[in-house]
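The values are calculated or read from the model by the stated rules, or taken from the named source; none is laboratory data. Note that the structure is predicted; figures quoted are calculated from it, not measured. FYI the Cβ positions are ideal-geometry reconstructions off the backbone, even for glycines, and counts take in every protein chain you see.
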């Protein structure tokens, strides 16, 4: 599940809550791609993600790549412990490179 809020005038913020798994990834993908059509700056807050699997990780990679192709700005924030754990296990922490994430992975 996701809910959106305008953090600043031109930044759209989405908070992902609950599962980011194969069961929710398709619906969330549609939501994220629709938001990208309406903003140049997107923040995705991962602090409320309670579970993430490979499909959820693939979604995060896809939306990051898609945003870059469109020349838009994407920032992930508030990585929950399960997100940090999966990114560390997958070796993708450097790919995302978010400050909070880098702080968790350098310990």
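Here are the numbers:
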quantity: Residue that is part of a helix (DSSP H, G or I), surrounded by 17 or more Cβ atoms within 10 Å (Cβ to Cβ), under 12 Å from the mean Cα position of the chain (by Cα) and without any contact (Cβ under 8 Å) to a residue 40 or more places away in the chain, where the choices are 74, 57, 46, 42; calculated: 57
quantity: Residue tally, condition more than 15 Å from residue 76 (Cβ to Cβ), touching a helix residue (DSSP H, G or I) at 6+ places or on another chain (Cβ under 9 Å) and modelled with pLDDT of 95 or more, over the stretch 1-22; calculated: 3
quantity: Residues of the stretch 77-94 classified as touching a residue at least 24 places away in the same chain (Cβ under 8 Å) and surrounded by 13 or more Cβ atoms within 10 Å (Cβ to Cβ), total; calculated: 9
quantity: Filter pass, residue 73 being modelled with pLDDT of 95 or more and in contact with a strand residue (DSSP E or B) (Cβ under 8 Å, 6 or more places away or on another chain); calculated: no
